[in-house]
Structure formats: C-alpha cells, structure tokens
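The values are calculated or read from the model by the stated rules, or taken from the named source; none is laboratory data. None of the values given here were measured: they were computed from a predicted structure. Glycine gets a Cβ as well: all are built from the backbone with ideal geometry, and neighbour counts include every protein chain shown. Remember, those area values only see protein heavy atoms, side chains included, never the ligands or the DNA or RNA. Shrake-Rupley method; radii C 1.70, N 1.55, O 1.52, S 1.80 Å.
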Amino acid sequence: MDLIIVESPTKANTIQKFLKDNFVVCSSYGHIRDLPKSTLGVDIEKNFEPKYIIPTKARKNLSELKKNIKEANKIILATDEDREGEAISWHIIKALKDNELKKYERIVFHEITKSAIENALKNPREINMDLVDAQQSRRVLDRLVGYNLSPFLWRKVKRGLSAGRVQSVAVKLICERENEIKKFNPQEYWEIKALLKSKKEEKDDFEATLQKKDGKIIPRFEINSKGEADKITKDLKDAEYKIKDIKREERKQNPLPPFTTSLLQQEAGIKLRYSAKFTMRAAQALYEKGIITYHRTDSFNLSKQSLFEAKKVIEEKYGKKYWAGYQREYKTRSKGAQEAHEAIRPTMPEKSPNDLGEKFKKEEKKLYDLIWRRFIATQMATATIDFTLIEIETIKEKKPYKYIFEARGQIIKFDGFFKVYPINLKEKTLPDLEENEFLNLLKLIPSQHFTKPPARYSEAMLVKILEKYGIGRPSTYAPIISTIQERNYIEKDENRKLKPTEIGIVVNEILIKHFPEIVDIKFTAKMEEELDNIAEGKIRWQKPLEEFYPPFEKHLEKKEEEVKKKDLTKKTKEKCPECGAPLLLRWGKFGKFYSCSKFPDCKYSKPYFEEINIECPKCKKGKIRELRTKKGRRFFGCSEYPKCDFMSWQRPKK
C-alpha cells in the first residue's frame, strides 16, 4: 500500500475516489509544524534559524499519520503546488523520525481529476526547497516585524494591538483614501442638454449634450454656475438646430480574460457581494471537490485540452457561430507570475452550473457559475456593436453659431460572448436621421452637478490596488483584508465599503511617523520581489532578513527611548473634577477613556462616549452614542442609559 498525504480531508476524499485499493489518501489538516506563539521562535544569532514546534492541535493529526505510515510501502506528498503547500510537505518529512520516514515522493497537479492525478503519479519529483525557503523567509520576516512592533504599540498605546508587515500597508492605503475624502472640496459644474426632434413627425425625439464652443471641446468646469448656464440657454433658445455630421461605425468587443485569484475576488465581490475571504473559502471547496483548477494563481494560461472542450460546449449549447473560430489565448500580465500553471477554470467544462449536485453548497454553485461562464466566454465569438455619433450645429442668422451638440447611440448587432457573460453595456437607439436635416428644439435642459469625492475602497477595489502595487501575492489578498478587519483597524460602512476605525488611524499615524519603511509601498513591493527571487533560486532565503533586520532593530531601540506614552495621548479642554488638572484622552483595553493628566497621583477616569446628534428612537429624550464592545466592535446606545436600554448594531437614521 502507498500512502498519499494531502492537507485537507475534502481533498483526500476526492482523490481517493480516483485511485485503486493499493492507495490510501489521508490528510495532515494543514501545517504539522509552526513557529511557537509565546516566543519569537527565531534564532537571530544563528542565521535566523526558525525554532519550529508541533502545535498542540497538530499532535493528534501527526499521530494518525504515523499510524498510517507504519503500514505504507511508500509516502507520496500531494499538497498544493504553491509555496505554502510545498512547505507543508517539507514540515511533514521533518516531523517524522528517521526510522519512520521510509521512501517518499512529491507529486503536484493543477486540478483534482483522474487523469491529472495519474499523470502526477508517473512524474514524481523532489521537494522544491526554493519554494520552501521562500515560504520560510516570509514567515520569519513577518514574525520579526510582528513580534517586535506589536509590543511597542502595547507599551505606547494600549495592549492587544498588533502590526503586520503587509497588513499595515493595506491599512495605510485605506487611511489615505479616507483623508482624500475628508479634504475633498466639491466643484460645481453644469451640463446642458437639448431635447430635439426631426421635423418629420413619425420620428422619435432624442437628447443631445452640449460638447463644443467655437470648435473646441468645453472643459468640464467652464460652465460653473447657474448664471453661466442661463446665459448659454438664453443664447440657444432662438437658434436653429441642424445635423452637421453623422458617423456610424462597427465596434468590436472581445471577451475578458479568464480568472486569476485577484480577478475572481474582484468579480465575486462586485457580482455576488462575496468578501475576499468568503470567495477563497468557496473556491477552496470547489477545487477540493475536483470541479475547478487550482484557485491561487496569477496566470492566464489555459490548457489546449480545456480550449478544445470549451469549443465543443459552445457549439453544442449555442451554435457554431458563437465559437471564436480559433483558440483564444491570453498573455499573463503579472511580472512575477509564478507557482501556478493555469488560470482558474472548470476541470470539466461540459458540466454546467445546473449540473452540480447536492454536495455543493449554494454559495459554491454561484461561484462556479461565475467561473464557468467566464471561462466559456473566453472562447466565444467577439461581440459586435453598431455605434452612432451625431453632431448637431446651431445656426443663427443663417450662419453656423458657436455651439455644437452631440448625440451618441449604440445597439448590439451580434451578442457573441455576451450570450454567456454579459457586460454593463446600455443600448441607446437614435432615430434614423440624415445629414443637413433641420430639427425642432423641444426643450433645453440645464442641470447642476458637483464633483464627487473618491470612493472608499470595497474589498474588490482594495485587492485590485494591492495587486497594482505588487503588495502580497494571490494567496495573501484575502488573509490581509480579513486580518485588518479582525484587528478592528478597519470596518465596513453602510455601503459595505472599507473605512478606518479610530484605533486604525492612530496606529497608522504612529507607524508612518516612527516606522515609515514598514508602511512604505515601494519597500513592501521590493520585499515581495525578493521572496519571488528566493522561490526562483536566485538568492539565499536569509538575504532579505540580513538586509532588513539589523537596521530595523536599531531603529526600534531608538524609538523605544524617544517615544513616550504621554506623547500619544490627546489633551482635552475638560478638567478633572477631583484635582482640577486637564483630562487626557487615552486608549485602554476597551477603547478610549478620559484620564487625569496627574496620573498616578490622581487616578480619576471616566468613559469616553462619542455623542451623535440623533434623537433616540425609543425614548425620544436621549441622544445616540457610539460605543464599543470589549472586542472593539461598534454599537449605538442611548445617552439616557440605564433609564433607556436602546441598543443597535446599525447607526440609527435622523
């Protein structure tokens, strides 16, 4: 009997179905070894040697593995094909004693199908130590940052805070966007439209927008007041309107590329309202059940076999005219694309979303539907759109006047891949008009607008910006976002957009002021490149640590001396009722509170409540206060408590 070890029980069950009785598949349930929680676990003096332990929760799993290993002829390690999976296999081998080790092989596959597994068994390899080293370097680097910076925050702000290398950059991005929103100054501008109709009665009316003046495009803010808009509309009321030019063209729309991890998280966030973490959990389940390829990837590659199968599905389901006519391939955009061989796609394209059985959860079926449609669409025909642009000149005293209006229309001529994967394209039909035709002006419509501030990041938008700056990799986007929410550094507003919490802003300001390199985007992206270089065998795994840690350690020691806790407290105008000294606003275990500036001589303190100018909907007497639970979660209560026990997790409306 040969023993195959994977990291997940679901994955083990799926693989077992494809193999004969002479194979047993079991799970390690993730990592068998890890760094200790209670200590640093890294020997800096011995070339950053990690001190791995077997966590309590993993001991039972390891014992089960050892029992199965005793009866096995050979051990086959079949964990995921990325750095984390490679490290899990390496840790399994390291956790076994020499007399338990026996002969072992490492196999990898990109999809859990019978053919992929059989092919992998025929082509075993050694554990790739470059991938293991890249994972080790990241783990040690993050440990050195977290276990040194977090205690600094405990001593200077409050206990329980933490700082992570990549997570802190994500918080910084969200805080910077919030500052942009607060500083934003809206600008007024006006748009002028004309409701026009052909002099031929049977034709429909249509709208055109003022675009040009004196042959030049009107800048967005040129019409910046009602007075300016009224002046133009007055000028235009007694003008004649004549079609100057009609341009018609056929535009082509090609399908979007297949999903990478980042694109899947973005699209699932927009179309299904899934968080990045939820998306990855559902994708993990689909992969382990053998229905999609590996879901942590930044590659657009698609296998030749899958393209052939997609063609067959398209022609059978939609007809031959809907196939592209050739195998459409996509080039990977990511400079550091590595670890995975293909984009995310169905392993069996002939299995449509409606064919999934009861073993798949509702959210898994929805995500599979998105993946299946996106993949099939990549091989479908280009959509064709008929686009029309009509230029309308104004005439006074039988001469061209200084204003030009434009009307734009578009209709789908051939839906192509829209049949499976529609995009947000609004059709607009214009009446059949002719050049030099005169039109009747029915109405001039001036409308006031104001520029809007930049939007807060959604999870999908944040994933996109992290990828743009080279921060993190496919497997880390979801953990980054979930971690900073769990730490209460960011929260979601009423529109499910990300905004920083008060403590998130405080921690970000401290890191920017005292540890700018930790939250520097270029520095973080450079570290990711170094980790990629380790994975490719170009540099030793200790090199980034040797360059980073000595100056970081010295800087930390310097800041321990320079930064005093009192420097991070806010002075208030309130006076202590016991000694008359000013009260300070400090951070404690359960949030902000007032404390006497003469502490410890005077120990007066009182809770801090942020009162909002909203009447309590229950008692109609008190005002709403924003408070925090012991875990930092926000809620709203009445200022008349305990007389009024109103409490809500949602901010009441005025």
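In table form, for the structure just shown:
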quantity	calculated
Partner lysines for K564 [C-alpha distance under 21 Å; skip if fewer than 8 residues away on the same chain]	K156, K158, K513, K554, K589, K592, K598, K603
Backbone HN-Hα couplings from phi across the stretch 243-253 [Karplus 6.51/-1.76/1.60, Hz, Gly and Pro as x]	6, 8, 7, 10, 10, 10, 8, 9, 10, 9, 10
By accessible area with a 1.4 Å probe, ligands and nucleic acids excluded, highest first: order of W372, W587	W587, W372
Relative packing of 132-141, 85-94, 188-197, which averages over residues the other C-beta atoms within 10 Å, highest first	132-141, 85-94, 188-197
Mean ellipticity per residue at 222 nm, deg cm²/dmol - from DSSP H runs of n ≥ 4 across the chain, formula -39500 (n - 2.57)	-11500 deg cm²/dmol
Solvent-accessible surface (1.4 angstrom probe) belonging to S475, in square angstrom, nearest 10	50 Å²
Mean Kyte hydropathy of -1.0 or more with a Cα span along the axis of at least 27 Å, helices from DSSP in the chain	129-156, 165-183
Ordering of 524-532, 637-645 by burial proxy (mean other Cβ atoms within 10 Å per residue, highest first)	524-532, 637-645
Equivalent ellipsoid semi-axes - Cα gyration tensor, the chain, angstrom	52, 42, 22
Accessible-area composition of the stretch 26-184, carbon plus sulfur, in percent [1.4 Å probe]	48 percent
The stretch 46-95 versus the stretch 488-522: alpha-carbon centroid distance in Å	36 Å
Geometric extent, Cα atoms of the stretch 481-596 - Rg, Dmax (angstrom)	19.7, 66
Sequence ranges 404-411, 247-254, 39-46, ranked by mean other-Cβ count within 10 angstrom, highest first	404-411, 39-46, 247-254
Average accessible area per residue (Å²) across the stretch 431-542 - probe 1.4 Å, nucleic acids and ligands excluded	47 Å²
Where S482, S115 fall by accessible area, highest first, once all protein chains stay in place (1.4 Å)	S115, S482
Reach of K419 by Cα under 20 Å, taken over lysines that are not fewer than 8 positions away in the same chain	K252, K271, K311, K312, K317, K320, K321, K351, K365, K366, K428
